[in-house]
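Undergrad: The structure's right below; bear with me while I get my questions together.
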C-alpha cells in the first residue's frame with residue numbers, strides 16, 4: 001500500500017524568503033503525486049500535480065515541485081513566500097490504477113513571519 | 001469553477017444517535033469521496049463512489065455508511081454515532097480516471113459527538 005511522510009510538522013519562514021516543504025512517498029510502481037493547500041476553515045485546494053514526465057512541475061501562485069524517483073521524494077518549493085501563503089500543505093499519492101483514492105500525508109503547517 | 005457544497009457546516013450529536021452528512025456537487029463528476037481529518041493528521045478515506053447507485057469502502061469504513069442516490073449527491077451516514085467519530089469531514093468530487101483524478105473539496109463539516 002502507498003504512504004506519504006511529511007517529516008516537518010511545522011515550518012516557519014520570513015516573508016520574502018524561499019521555501020521548501022518536504023514529502024517522501026512509498027509506492028511500488030509509478031505514482032501520481034499531488035500537493036494540496038488548506039487555508040483556515042476551508043477545504044483543500046490543488047496546488048500542483050505530477051504525472052510521469054518532466055520531474056519539475058509548476059503550480060499556482062509560484063509554487064513548483066520536483067519529483068525524484070531515486071529519493072522517493074516530491075518536495076514543494078517557492079522562491080519568495082508571501083504572508084498569504086500561511087496555510088497547511090498536504091502531499092498526496094495516488095496509484096494510477098485507482099480512481100482518485102488519494103493517500104495524504106499528515107500535513108505541514110507553514111507560518112510566515114513579517 | 002468546481003463547486004462542492006456540504007451541509008451542515010457544524011453538527012453536535014449525541015452518542016448513539018444517527019447523523020447524516022450531505023454533499024452536493026455541481027461539477028457533473030462521476031467520482032465522489034468522503035474523508036475525515038483529525039487534528040494533526042492528514043485526510044483518511046472513508047467511502048467513495050464511482051457514480052449514482054455505487055458506493056465503495058475506503059480505508060476506514062467501520063461505523064459509516066454511504067449513499068449515492070444521484071450524480072450530484074453523496075451522503076455519509078453514522079447510524080450509531082460515537083465520540084471517536086468527532087472529526088472534520090470533507091466531501092470531494094473527482095474529474096477524471098486513474099491517477100489523473102483531481103479532487104475538488106467542500107469546506108468541511110465539523111462534527112462533535114458528545
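Coordinate-derived values only; no laboratory data. Note that the coordinates shown come from a computational prediction; the quantities given were computed from them, not determined experimentally. Quick reminder, even Gly has a Cβ in these numbers, built from the backbone with ideal geometry, and neighbours come from all protein chains shown.
Undergrad: Under a point spin-label approximation (7 Å from Cα along Cα-to-Cβ), what is the residue A:58-residue B:95 distance to one decimal in nm?
TA: It works out to 1.8 nm between the two label points.
Undergrad: Testing the spin-label approximation: label points 7 Å from Cα along Cα→Cβ at residue B:70 and residue A:5. State their distance in nm.
TA: 4.6 nm
Undergrad: Would you mind giving the mean number of other chain beta-carbons within 10 Å of the Cβ of each residue in A:36-43, as a whole number?
TA: Partner-chain Cβ atoms within 10 Å, mean over residues of A:36-43: 4.
Undergrad: Share of Cα-Cα pairs in chain A beyond 18 Å, in percent?
TA: 45 percent
Undergrad: Okay, moving on. So if I take the centroid of the Cα atoms in segment A:29-61 and the same for segment B:43-83, what is the distance between those two points in Å?
TA: Between the Cα centres of segment A:29-61 and segment B:43-83 lies a distance of 25 Å.
Undergrad: Could you tell me whether segment A:22-63 comes out rounded, prolate or oblate from its Cα gyration tensor? Rule is a ≥ b ≥ c as square roots of the eigenvalues, rounded for a/c under 1.5, then prolate if a/b exceeds b/c, otherwise oblate.
TA: Oblate, because a/c is 1.5 or more while a/b does not exceed b/c.
Undergrad: Can you give me the orientation-averaged projected area of the convex hull built on the Cα atoms of the protein assembly as shown, in nm²?
TA: Dividing the Cα hull surface by four gives the mean projection, 12.1 nm².
Undergrad: Using the Cα atoms of chain B, I'd like the radius of gyration and the largest Cα-Cα distance, Dmax, both in angstrom.
TA: That works out to 13.2, 40 Å for Rg and Dmax.
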